[in-house]
Structure formats: C-alpha cells, structure tokens
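Computed from the coordinates by the stated procedures, all read-outs in this text should not be read as laboratory data. Here the structure is a predicted model, which means the values were calculated and not measured. With ideal geometry, Cβ positions are generated from the backbone for all residues, glycine too; neighbour counts draw on all protein chains shown.
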Amino acid sequence: MQELPPLTPQDDAAKTSALVAYLCLVAGYFTGLFWLVGGIWAMVKRSDAEDSRYVGHFNNIISVFWWGAGLCILGVILAPFIIGYFILLGVLVWSVYRLIKGLALLTSNKPFPL
C-alpha cells in the first residue's frame, strides 16, 4: 500500500472544514437546521480544498446533502401513499452509511474516492 505524503497546511485546513461539515450533517439528523448549515459550509469551503487530498470529501458531503434533501422532500410528499416511508428509510440508511464512511476515511487522513 502506498504511503500518503504528510499533510500540507492546505490539507490540514481542508480536513478541518470537512470535519465541521460532516459533524453538522450528523447533527442535522436531530435538528434539520444543522443539515442545511453543513451543506452550505461544504459548498462554500469546497473551493479552498480544490488542490488538497480532501476534495473528494467535499464532493461526498455535497452529494449527500442534495440527494438527502431532495429524496426526503419526495418521501414526505409520498408518505400518504406508504411508499414515502420506504423512501425516507432508504435515505436514512444511505446517508448514514456515506457519512460514517466519510468520517472514517477523513479521520484516517485518507481521501474519499472520487
């Protein structure tokens, strides 16, 4: 396995920003406002991480934010037809998996696969 080079100051700043975004999305499960804060934070800070090894984490966070928000809206609309509850459950499982995978890679100083 190839050894990754040491973290640059840009990598360190990008890692911190990605960690803040991940934690905001996790907190967003309990208060929806933090879901919004985490998604916006990742979109704003992504350009700062453009040349770092953590740019894939920002892509993951933004993807989870938009797909999660969109599918949750669809699930709520379809909830009266029962299928919406299955959509909401699927979004929950998928987003928790992606956030845990991202946090595990981030805390190990590994990039998220693009």
* To do: Just need a number here: residues in the stretch 17-55 that are closer than 25 Å to residue 73 by Cα and out of contact with any helix residue (DSSP H, G or I) (no Cβ under 8 Å at 6 or more places or on another chain).
  => 7
* Among residues belonging to the stretch 1-28 that are more than 13 Å from residue 61 (Cα to Cα) and of a type in the set (Ser, Thr, Tyr), point out the one that is nearest to the chain's Cα centre (by Cα). => 16
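Tell me, please, whether a residue that is within 30 Å of residue 5 (Cα to Cα) and among the small types (Gly, Ala, Ser) can be found in the stretch 74-92.
So the first thing to find is which residues in the stretch 74-92 are within 30 Å of residue 5 (Cα to Cα), and the list is none.
Looking for residues that are within 30 Å of residue 5 (Cα to Cα) and among the small types (Gly, Ala, Ser), one finds none in the stretch 74-92, hence no.
So in the stretch 1-28, with the set limited to residues that are of a type in the set (D, E, K, R) and free of Cβ contacts under 8 Å to residues at least 24 places away in the same chain, which one is nearest to residue 109 (Cα to Cα)?
Here is the first cut: in the stretch 1-28, the residues of a type in the set (D, E, K, R) are 3, 11-12, 15.
Then keep just the ones that are free of Cβ contacts under 8 Å to residues at least 24 places away in the same chain; that gives 3, 12.
Working: 3: 11, 12: 10 Å.
My answer is 12.
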